[in-house]
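Comments concern the structure below.
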Amino acid sequence: MADVLRSLRHGDGSVLAVACAQALGAAGVAVSVLLGEDQGVEPLWRSPGVAAQFEELQFTLGVGPGPDAARTGTAVMAPDLDTVRPDRWPTLLTEARKLGVVGVCCFPLGLGAIRLGVLTVLASAPGATMPEQQLADALTLAAALTGLLLEGNGSRPVGSGTVMGPPMELHRAVVHQATGMVSVQLDVSLSEALLRLRAFAYSRDLPLGDVAGDVVARRLRFNDDKDGPHSPGSRKG
């Protein structure tokens with residue numbers, strides 16, 4: 001972990017994510033930054049495989065330990081998903097198990113009322129609590145990431161000298177653009193528009209980014225006649 005902390009400022013994001021997971025003895029690690037109350041989080045870096053898949057699942061559904069940690073500013077500990085109440089994160093628990101996720105702990109990145117992002121750590125094995133040393137290392141990592149985010153506000157994008165700070169090129173830019181378009185189409189808030197997009201994507205087992213891309217390309221339009229989204233040619237979406 002000491003080696004990882006020394007590499008945070010100038011290391012490659014994808015390499016650091018894997019190194020963090022190894023140092024923590026975790027199945028995966030992800031770091032996301034907050035964009036705003038209505039826009040949610042943007043991935044900064046994450047280890048490949050299950051961590052990336054779980055982050056996309058949380059983003060599509062809009063619920064989970066990550067969104068909870070971002071909203072409340074407190075750590076959300078669920079090291080054994082089998083012990084979590086089914087009504088806490090509807091749907092997510094079932095889908096997470098399909099991905100092979102057995103436990104998740106999310107740590108907010110921020111200082112006081114300032115909320116900057118979330119560190120997500122996937123458990124490698126279920127347990128009643130997070131192992132003491134792993135918890136200490138995760139808290140240390142979260143504190144270091146918070147410090148670098150505070151320093152790197154508006155810094156260069158990932159891969160160009162520093163891996164911290166809001167990325168200049170948003171991975172989910174198409175989702176944010178589509179959210180704005182649906183908001184105008186339905187005359188609803190951005191939060192409601194994003195909820196509509198998420199519901200449509202999940203109900204059809206489609207990636208949220210693909211649905212957003214169809215909206216931006218005007219292959220899919222949301223209307224307010226109770227019939228749901230439709231294509232320009234009057235074919236239902």
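Distance between the pseudo-spin-label points of GLN177 and VAL216 (7 Å out from Cα toward the beta carbon): 0.4 nm. Each label was represented as a point 7 Å from its Cα along the Cα-to-Cβ direction; for LEU111 and ARG97 these points are 4.2 nm apart.
Modelled label positions at GLU151 and VAL15, each set 7 Å beyond Cα in the direction of Cβ, lie 1.9 nm from each other. Given their separation in residues at 0.36 nm each and the Cα-Cα distance between them, ASP205 and SER124 gain 26.5 nm when the chain is fully extended. Residues in the range 76-87 carry Karplus couplings, in order, of 10, 10, 9, x, 9, 5, 5, 9, 7, 4, x, 8 Hz; the curve used is 6.51 cos²θ - 1.76 cosθ + 1.60 with θ = phi - 60°, and Gly or Pro positions show x. Between ALA136 and ASP3, the contour length at 0.36 nm per residue exceeds the Cα-Cα span by 46.3 nm.
Counting 0.36 nm for each residue step from THR83 to ASP187 and taking away their Cα separation leaves a gain of 33.4 nm. Each peptide in 88-98, 199-209, 112-122, 140-150 gets a packing score, the mean of other Cβ atoms within 10 Å over its residues, and the list from highest to lowest is 112-122, 140-150, 88-98, 199-209.
Bear in mind that the values in this text are calculations on the coordinates, not laboratory data. On a predicted model such as this, the values are computed, not experimentally measured, just so you know. Backbone-built Cβ (ideal geometry, glycine too); neighbour counts: all protein chains shown.
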